[in-house]
Amino acid sequence: MDINNDCFLVPGPVRMGDECLQALATPVMTARGTEFRDVMARLNSGLRHAFNLAPSEPVRGIQSWAGDDDYKVIVVSGSGTAAMEMVIANRFRSNDLVLVPTNGKFGERVAEMCKRFCNVKHLKYEWGRAFDLYELEQQLERGCYESLLICHNETSTGITQDAAAIAEMCARHNTSFILDGITSVGGTAVHPEEWKAEAVVTGAQKCTAGPSGIAAIAVNSHFIERVHAIREQGDSNPNYYFDMVSALKKGDDDQTPWTPAINLAMGWGAALDVLKVETNEGRWKRCQTMANGVRNLFTDLGFELLADAEQRSDTVTAILYPEGINDAWRTRLKEDFNTQVIGGQDHLKGKMFRVGSMGETPVAEMVEGCKRMIQCFATFNVELPQLDVESYFA
């Protein structure tokens, strides 16, 4: 088995492609000249494509952040968590009540962020279990919630929420719908306009295979109107760096309010150009092919998957260790087989591993990585059936 080439199968940060790496190495430029505004226009256009919105031209001075729909995209110099905090801090007042159902670590992070800026009803489900949609309906029927927020794709547990069903409920009950799409945008189907989502957040280093430390938000006109109304009423949450009003003022001019992440923006723009060539549908399908292969392969090998079968993610698969195995397996997989996956978090640490199927990862790399995982388990005397790995990814 050739182990000279590494298999990097973590669910973000993912490996960046050559185009992205070359763009990151571009000499620095001024943040306020036309040269960087060109970079921002390219990035804005690529983001609109990744968010599955109407297209815009990558040309400065013509509102590259907007298209023939109700959405604008805003670039944030910070991680996806920073962008999510920006959404929450600007959209809600301290006395607003929001509903946050969770079934994993990153949904719980959304709930914790909300607690800093507004009132929260946190519906905490078991990790990996699907939301009880009947309970969500009952909560929304109360008519007391300003918004419902979800982590769309929960990488800690390998589950994707039924966003379409939740969006339909929110629309019927006149409740705003906000998505943390950090590990879904660019990797699985996301439909902001169809779902009437007020805001969707993504991070560069996940499904779009960009660099860590830069993120983006897609917001519709109602979100923007509420942000301005709250500011004018004088009861907005304290913020400065994450001031959405300042970002909206600069967006028309293909700029950011503060010093932008210049080289990260160049790298992400290049990565998004690669996504445009592959197309959203093409990438969704490739990610799904890899995830289906991993799920079916390891199920047939006798492993148990964490997430509910009906809603398993296409960008990450959470697999429970067999009895007697822990993260020593991951260490050996990395050191002896040049292959990286990621472990469990919090109470699941040392009890499972997670395989990412996102970004620009080729199917061939996933096939090779799975072969190495099986071989690594053999070194721990785990008896597994002999299976044709390639056939699972055909």
Residue satisfying condition, being closer than 16 Å to Arg93 by Cα and buried (at least 24 other Cβ atoms within 10 Å of the Cβ), within set Ile217, Ile150, Ile178: Ile178
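Condition check: part of a loop (DSSP other than H, G, I, E, B), in contact (Cβ under 8 Å) with a residue 40 or more places away in the chain and surrounded by 18 or more Cβ atoms within 10 Å (Cβ to Cβ). Does Phe223 satisfy that?
On the way: part of a loop (DSSP other than H, G, I, E, B): no; in contact (Cβ under 8 Å) with a residue 40 or more places away in the chain: yes; surrounded by 18 or more Cβ atoms within 10 Å (Cβ to Cβ): yes.
Criteria not met by Phe223.
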Within 19 Å of His152 (Cα to Cα) and among the hydroxyl-bearing types (Ser, Thr, Tyr) - does that describe any residue in the stretch 82-98? no
Could you list, in sequence order, the residues of the stretch 23-46 that are closer than 14 Å to Gly267 by Cα, among the β-branched types (Val, Ile, Thr) and assigned to a helix (DSSP H, G or I)? Val39
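From the list Val219, Val227, which residue is under 22 Å from Lys196 (Cα atoms) and out of contact with any helix residue (DSSP H, G or I) (no Cβ under 6 Å at 6 or more places or on another chain)?
The unique qualifying residue is Val219.
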Show the residue pairs meeting these rules: Cβ distance below 7 Å; 6+ apart or different chains; first residue within the stretch 111-133 and in contact (Cβ under 8 Å) with a residue 40 or more places away in the chain; second residue part of a loop (DSSP other than H, G, I, E, B) and among the aliphatic types (A, V, I, L, M). Gly128/Leu306; Gly128/Ala307
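Hey, any hits in the stretch 276-290 for a residue that's modelled with pLDDT of 95 or more, among the aliphatic types (A, V, I, L, M), closer than 23 Å to Thr160 by Cα and in contact with a Phe, Trp or Tyr (Cβ under 8 Å, 6 or more places away or on another chain)? Outline the logic, then answer.
From the stretch 276-290, those modelled with pLDDT of 95 or more are 276-290; that's our starting set.
Checking the rest, the ones that are also among the aliphatic types (A, V, I, L, M) come to 277, 290.
If we keep only those that are closer than 23 Å to Thr160 by Cα too, we end up with 290.
Next, from what is left, pick out any that are in contact with a Phe, Trp or Tyr (Cβ under 8 Å, 6 or more places away or on another chain): 290.
There is at least one residue in the stretch 276-290 that is modelled with pLDDT of 95 or more, among the aliphatic types (A, V, I, L, M), closer than 23 Å to Thr160 by Cα and in contact with a Phe, Trp or Tyr (Cβ under 8 Å, 6 or more places away or on another chain).
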In the stretch 371-394, residue surrounded by the fewest Cβ atoms within 10 Å (Cβ to Cβ) [restricted to those that are within 20 Å of Arg283 (Cα to Cα) and touching a residue at least 40 places away in the same chain (Cβ under 8 Å)]: Phe393
Filter the stretch 367-389 for residues that are more than 14 Å from Leu301 (Cβ to Cβ) and either over 28 Å from the mean Cα position of the chain (by Cα) or not assigned by TED's automatic domain parsing to the domain that holds Met352 (or both) and give the result. Thr379, Asn381
Qualifying residues in the stretch 61-113 (those that are part of a helix (DSSP H, G or I) and among the acidic types (Asp, Glu)) - the one surrounded by the most Cβ atoms within 10 Å (Cβ to Cβ): Glu85
Where residues in the stretch 330-358 are under 17 Å from Asn292 (Cβ atoms) and of a type outside the set (A, V, I, L, M, F, W, C), which of them is surrounded by the fewest Cβ atoms within 10 Å (Cβ to Cβ)? Arg354
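The values are calculated or read from the model by the stated rules, or taken from the named source; none is laboratory data. Just so it is clear, the structure is predicted and the values come from calculations on it, not from any experiment. As a convention, Cβ positions derive from the backbone with ideal geometry for all residues, glycine included, and neighbour counts pool all protein chains shown.
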